[in-house]
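Trainee: The structure follows.
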Amino acid sequence: MSQPIPCLALTFLLTLPASASSPQTQHECAMDLSPQEAAAAWRQKLRGAYELPEPTLAREGLGTPDSYVVPLTFHVVRRSDGTGGLPPARTAQAVIDANNAFAGSGIEFCLAGPIDYIDSDEFYSEINTLNEIDVLRSTNVVPGTVNVYFTETLDYEQGSLCGISAFTFSPVQGIAMNNACTALPENPSTFPHELGHYFDLLHTHEPFYGFECADGSNCADAGDLVCDTPADPRLGYDTVNELCEYTGVATDFCNTDSFTPMVDNYMSYSRKECRDIFTQGQRDRALATLLNLRSELALPFCAGGISKSCTFPVPNSVGATAQLSVTGSGLAAENSLLLRTRGLPQNVLGIYLNSQTVRDPFRPSGSAGNICLGGQVGRYSAPSQVGFSGPSAEIELQLDLSATPTPLGFVMVTAGQDWAFQLWYRDAAPDGTATSNFSDAITITFI
Ligand SMILES: [Zn+2]
């Protein structure tokens with residue numbers, strides 16, 4: 001190969017007969033841009049969707065952590081009799097591979113619930129078309145999470161695939177992974193590669209916008225649109241040797257310069273065992289995609305889901321609205337959840353409340369604010385739990401999930417339960433008479 005592969009050659013490559021099952025001859029994935037996808041991505045680029053937002057704009061009220069946790073749902077396809085399927089050690093390794101790859105990016109991943117086993121011979125061994133892959137990716141979808149399907153065969157019209165993902169603008173969402181390309185010592189990189197696509201990273205050799213010059217002069221508008229990934233002539237097992245060295249001799253169309261591609265970049269088609277880097281530019285684009293285009297996935301900690309209610313608290317005597325945030329872990333078994341309310345008057349008493357039921361905002365008599373907790377409302381009213389806002393005008397409470405107060409006694413929070421929290425606090429009416437008020441409320445789906 002002496003030249004980068006132009007689009008026509010790419011089409012030719014994709015129309016080769018079905019390849020053998022060896023990962024070396026499998027198609028890495030099916031995520032080169034179509035004209036419609038390229039146009040959609042360009043529109044998003046023009047409106048700044050791939051620029052990191054100002055920190056103050058990110059997830060207002062839920063805090064701006066150093067790192068956001070993206071919840072994953074794993075669907076493991078087995079035979080109809082329940083045998084086969086990716087074993088638990090490999091699903092666990094897949095999460096490790098993802099977190100190793102995205103370390104330092106501001107994105108972490110966690111499993112948001114138990115593994116969903118799909119027992120189906122059709123899905124296990126008879127996926128042969130993109131349409132069938134899309135049917136699989138539409139099965140048992142858990143909203144608010146990245147749905148990942150692991151199956152034994154992942155063929156489409158052009159052969160066998162290692163994986164297929166979804167851009168933010170793709171009509172069918174979710175990731176499908178071939179077990180033969182998942183969480184293996186010789187291939188820890190395909191799953192992070194597909195996650196990269198999920199956050200709108202393109203192949204480093206992406207040809208649609210034109211080939212990137214080897215000197216990088218057109219990097220902002222060509223190739224993968226990320227400037228710190230050098231031009232990539234479309235790496236492959238024929239141009240990267242077993243020592244992870246580039247052996248290609250292609251020259252670019254701009255100045256017939258030689259390429260110096262990154263053989264270790266996750267978004268290339270280099271050898272799978274060689275890929276272990278996202279550049280800072282790729283990390284920033286992925287984080288911007290998460291915050292701007294998939295913000296429902298940007299959780300402050302690992303949980304099955306987080307939502308707010310009573311989102312417009314009544315302003316208090318200092319003209320502020322009390323905002324509740326949570327940090328720690330939504331894993332019930334970790335028992336590590338901290339509630340913090342800001343925007344309080346100074347030196348007032350507050351008591352956190354909980355309930356497994358949320359209702360429409362309701363103003364109790366004698367209060368200036370609204371409560372959104374319904375049903376059985378528990379109170380953290382033990383002496384060690386009652387809060388005082390002091391000069392910082394904040395009240396924190398570290399919860400003990402093993403002894404959660406309810407009107408019927410203490411209970412343990414367990415995985416799968418929804419619990420809502422809200423702060424009641426003392427306040428003064430405009431005429432100085434004593435009243436009370438409430439923060440907004442947060443509901444957490446524990447995992
Ligand atoms: Zn890809």
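Trainee: What longest region of the chain stays clear of chymotrypsin sites (Phe, Trp or Tyr not before Pro) that DSSP places outside H, G, I, E and B and that have at most 16 other Cβ atoms within 10 Å?
Mentor: 254-447
Trainee: Only four residue types carry charge here, +1 at the Cβ of Lys and Arg and -1 at the Cβ of Asp and Glu. Report the dipole size of the range 305-445 about the Cα centre in Debye, rounded to the nearest 20. Kindly include the intermediate steps, with their values, before the conclusion.
Mentor: Working: 7 positive and 9 negative charges, 28 e Å.
Using only the charged Cβ atoms, the result is roughly 140 debye.
Trainee: Restricting to bridges with both residues inside the chain, how much of the DSSP beta-bridge set is antiparallel, in percent to the nearest 5? Let's see the in-between values first.
Mentor: Numbers: 50 of 71 bridges.
In the chain, approximately 70 percent of DSSP beta bridges are antiparallel ones.
Trainee: May I pose another question? For the range 319-376, which trypsin sites (Lys or Arg not before Pro) are both in a DSSP coil and crowded by at most 11 other Cβ atoms within 10 Å?
Mentor: Values: sites: ARG340, ARG342, ARG359; in loops: none.
Nothing satisfies the criteria.
Trainee: Give, rounded to the nearest 20 debye, the magnitude of the charge dipole that the chain has about its Cα centre when Lys and Arg contribute +1 at Cβ and Asp and Glu contribute -1 at Cβ.
Mentor: Once rounded to the nearest 20, the dipole reads 1840 debye.
Trainee: Let me ask something additional. Any idea what the relative contact order of the range 7-297 is, in percent, if you count C-alpha pairs under 8 Å spaced at least 6 apart? Can you show the working numbers first?
Mentor: Numbers: 579 pairs, mean separation 61.6, N = 291.
The value is 21 percent.
Trainee: Would you please name the GluC sites (Glu not before Pro) within the range 103-175 that are DSSP coil residues with at most 15 other C-beta atoms within 10 Å of their C-beta?
Mentor: Sparse-neighbourhood loop GluC sites (Glu not before Pro): GLU126, GLU157.
Trainee: Compute the Rg to Rh ratio over the range 7-297 from the alpha carbon atoms, using the Kirkwood formula for Rh, and round to two decimal places.
Mentor: 0.95
Trainee: Along the charge dipole of the chain, which of THR151, SER402, PHE74 sits closest to the positive end, that is, farthest toward it, with unit charges on the beta carbon of Lys, Arg, Asp and Glu (+1, +1, -1, -1)?
Mentor: It is SER402.
Trainee: Evaluate the charge dipole of the range 221-289 about its Cα centre and quote only its size in Debye, nearest 20, assuming +1 on the Cβ of each Lys and Arg and -1 on the Cβ of each Asp and Glu.
Mentor: With only Lys, Arg, Asp and Glu charged at Cβ, the dipole is about 220 debye.
Bear in mind that the values in this text are calculations on the coordinates, not laboratory data. Because the structure is predicted, anything quoted here is derived from the model rather than measured. Cβ coordinates were reconstructed from backbone atoms using ideal geometry, including for glycine residues, and neighbour counts include every protein chain displayed.
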